[in-house]
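The values are calculated or read from the model by the stated rules, or taken from the named source; none is laboratory data. Keep in mind that this is a model prediction, so the values were computed, not measured. Note that each Cβ is placed from the backbone with ideal geometry, even for glycine, and that neighbours are counted across all protein chains shown.
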Amino acid sequence: MSGTDRETLAVYNGKAADYAKQNETHLREDPRLREFINACKPGGRVLDLGCGPGTSSAVMAAAGLCPLAMDASAEMIALANQLKGVDTCQASFDDLAGANIYDGIWANFSLLHAPRTKFPHHLTSLREALRTGAPFYIALKLGKGEARDALGRYYTYYEEDELINLLRTAGFTPHNRTTGESTGLDGALARWVSVACHG
């Protein structure tokens, strides 16, 4: 999901089908997604922020949750619209608003496209939108600074402790983290961190 970066958005619009195909199995079988679902209120309303093709939302819906799949890419939303039980919304991070709306928020490799200067604001908006005690999950790529990948997508990188501090400042309580490496759409191997929190 892109915020306002046109080049990043153009990549996702142009490669939506490729992205969906590459990540289908991984997203459906992600144990962290299963943990998130189990932590949510049964039948709860959840936000899939930067949903991409909506695969994670489809898994949530099949488990009985009511997901809202949000992405700035029109082509990604078109794919998500084809999935059973998934509501969609084409919007950017800047459009986040509201209080006590969601029983869970899943932000899987989406906020890494937000500018560093806006990241704390986005986290605060997400905390406000999340019901007290509900689960929040975030995954980002590890590193320092900002850069574009080989495809032209804009990334902001964070170190583990930096991310934990930002989450706590925004009002989240981190309780579990996972690190790993995986190959992205650009073919490059990248280190990442995921953090499970509650509001």
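A few remarks follow.
- Close contacts from segment 63-76, counting a first residue that is farther than 21 Å from Asp18 by Cβ and a second that is part of a helix (DSSP H, G or I), with Cβ to Cβ under 6 Å and a gap of 6+ residues or different chains, come to Ala63/Ile37; Pro67/Ser57; Pro67/Met60; Pro67/Ala61.
- Here Leu185 meets each of (1) surrounded by fewer than 17 Cβ atoms within 10 Å (Cβ to Cβ); (2) within 25 Å of Leu68 (Cβ to Cβ); (3) modelled with pLDDT of 95 or more with one exception, condition (3).
- In segment 3-26 there is no residue matching the filter, namely being modelled with pLDDT of 95 or more and of a type in the set (Ser, Thr, Tyr).
- Any hit, segment 111-126, residues being at positive phi and either among the β-branched types (Val, Ile, Thr) or surrounded by 15 or more Cβ atoms within 10 Å (Cβ to Cβ) (or both): no
- For Ala107, the requirement of being modelled with pLDDT of 95 or more and within 14 Å of the chain's Cα centre (by Cα) is met.
- Cβ-Cβ distances below 7 Å connect the following pairs, each with a first residue in segment 134-152 that is surrounded by fewer than 17 Cβ atoms within 10 Å (Cβ to Cβ), a second residue that is among the small types (Gly, Ala, Ser), and a separation of six or more residues or different chains: Ala150/Ala188.
- Scanning segment 123-144 for residues that are charged (D, E, K, R), within 15 Å of Leu96 (Cα to Cα) and under 15 Å from the mean Cα position of the chain (by Cα) yields one hit, Arg127.
- Residues located in segment 154-173, provided they are part of a loop (DSSP other than H, G, I, E, B) and touching a Gly at 6+ places or on another chain (Cβ under 8 Å): Tyr157, Glu159, Gly171, Phe172
- For Gly50, the test of being of a type in the set (Gly, Ala, Ser) and surrounded by fewer than 17 Cβ atoms within 10 Å (Cβ to Cβ) is failed.
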